[in-house]
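Accompanying notes for the structure given below.
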Amino acid sequence: MESGGETAIVVAVAALRAAVDALVAASPIPLSDDEFAALMRETEKVTRQLDAVKTGFVDETRRRDLPGKANVSSAALYLEQSLRLSRADACRRVRVADKLAVRRLPGQVLEPELAVVAQAQRAGDISADHITRILRVMDRLPGSLDIDRREAAEVCLAEYASTGWPDDVRKLGEDILRRVDPDGTLCRDSDRQRMRGITVGTQRVDGMSPLIGELTPELRAVFEPVLAKLARPGMCNPEDPESPRTSAESTDRERLEAAAGRDTRTAAQRNHDALLAFLRFEMDPAVPGTHRGLPVGTILTMSLTDLENRSGVATTASGGTLSIGEAVRLAANSTRYLAVFDEAGMPLHLGRGNNRLAGKAQRLALIAAEKGCTRPNCTAPATLSAVHHVTEWSQGGRTDIENLTLACDSCHALVHDGPGGWKTVKLGADSRFPGRTGWIAPPHLNPSGIPQVNHRHHPGELMAATMSRIQARNAAERQRLKEWLNRRHTTPTPTTE
Ligand SMILES: [Zn+2]
């Protein structure tokens, strides 16, 4: 046999080389903005697909035992030397190939360990960063986890990664880990309590002191609302004498907006100033502040199923999560909001300490149901979102809960009738997500015009939907298998040897 001058893969790589040479020489300048953006997306997709090809090559390197033949101790070292890779990159590629390449046993080829993620990689839907984060989550799943849940976690992560950002995969993963590990065998509340601590380091010659620490979910849940209010741009700025200093002053919207326009501090500097202002001005509980119409306080939401099972997670309005046990402990302190939802997402309990909900119930219900900005993939938590009409007031939209939704300021600004504007609709009973707010992207972003919901704040819902799909599929498979066995049993065998 000839050594493959014209085999398909060699021809394909030569063609790829020629195409890339042409691409490098070509100019994108004559394209319209839309055409250029589409071109850039397509190029990104192709680059990601090439990663899948390279994953296959790593596997082939091992099948041929090239490391052994070159007298190199590992596949990673072989790749590092032959392709001039960094150690970290070579190790990462081998790790990815372990999970995403087909598995070869003598006489047979098996599906990759993570077949769904491998498929997403081949389709060019996910990047190397997505994959790294997905592998990290999958590695942390308990070894004793049943196969359905393991697959559900993988499908969930792969589906989310196909439309979401790599950084969100980590957060979704944390939620999945809590859900698949209701007994807390991975990390118990007691482990977290052991890890907690805040250290104010030695003051340096320049007067500054380092602060390091590990916050429990509980402390984070009460700390974040403080930052959400006092660390907003424009608030508590020591360089700006006109900047509002307290919650009460923050209600002067014009003053705050003007101060925000002058604010040049970093997020870390704003957090620092917020902590200072909180300790100086807000420690008096007789002066309750407000943030976007709600008193400062932690808003906890959880589903009834999770509460009954003492599994899963509760969510805070600023996007943090706590175990149900921690949430119940925190909610017992009566100055906080607690919202519990049944399976259909209807509020069973909207409680708030000793005070009445008057006037705030709609916003509270929205925070509990939507948890944050509803535009697909927006990460803004409820504390950075405001209540908006789905059908604008000016166009006859009523201030009913059915016509209200949460959106952050920048997303809300995207909704308009002009060119490039987004539209919002409430999804009907026939939708996969009834009652949720669907966002219709302008044609240059998504020509399909199909409304999309934001899964960013509802990772549990994604996991539940995936689980029930997998269980239904497995039940169907079992049924088919049973029927097949029955047929075999009843059909007379045509011949015997
Ligand atoms: Zn948003």
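Panel order for THR132, THR246, by other beta carbons found within 10 Å of each beta carbon, from fewest to most: THR132, THR246.
Near CYS408, the amide H atoms lying under 5 Å from its own belong to CYS373, THR374, ARG375, ALA386; only residues 5 or more places off or on other chains count, and H is placed 1.01 Å from N. Each peptide in 384-391, 252-259 gets a packing score, the mean of other Cβ atoms within 10 Å over its residues, and the list from highest to lowest is 384-391, 252-259. Of the cross-linked pairs LYS371/LYS426; LYS99/LYS171; LYS45/LYS69; LYS45/LYS426; LYS45/LYS371; LYS371/LYS423, those separated by over 26 Å at the C-alpha level are LYS45/LYS69; LYS45/LYS426; LYS45/LYS371. Cα gyration tensor of segment 42-180, axes a ≥ b ≥ c as square roots of the eigenvalues: rounded (a/c below 1.5), prolate (a/b > b/c) or oblate? In terms of gyration-tensor shape, prolate.
Across segment 42-180, C-alpha contacts under 8 Å between residues 6 or more apart give a mean separation that, scaled by the residue count, equals a relative contact order of 23 percent. Arranged from fewest to most other beta-carbon atoms within 10 Å of their beta carbon, ARG179, ARG170 become ARG170, ARG179.
Label-to-label distance for THR199 and THR163 is 4.4 nm, based on points extended 7 Å past Cα in the beta-carbon direction.
Shape analysis of segment 372-473 places it in the prolate category; the axes a ≥ b ≥ c from the Cα gyration tensor give an a/c of at least 1.5, with a/b above b/c. Neighbour counts of C-beta atoms inside 10 Å place TRP439, TRP422 in the sequence TRP422, TRP439, starting with the fewest.
Bear in mind that the values in this text are calculations on the coordinates, not laboratory data. Every value quoted in this text rests on a predicted model; they were computed, and no experiment measured them. In this analysis, Cβ positions are derived from the backbone assuming ideal geometry, glycine residues included, and neighbour counts consider all displayed protein chains.
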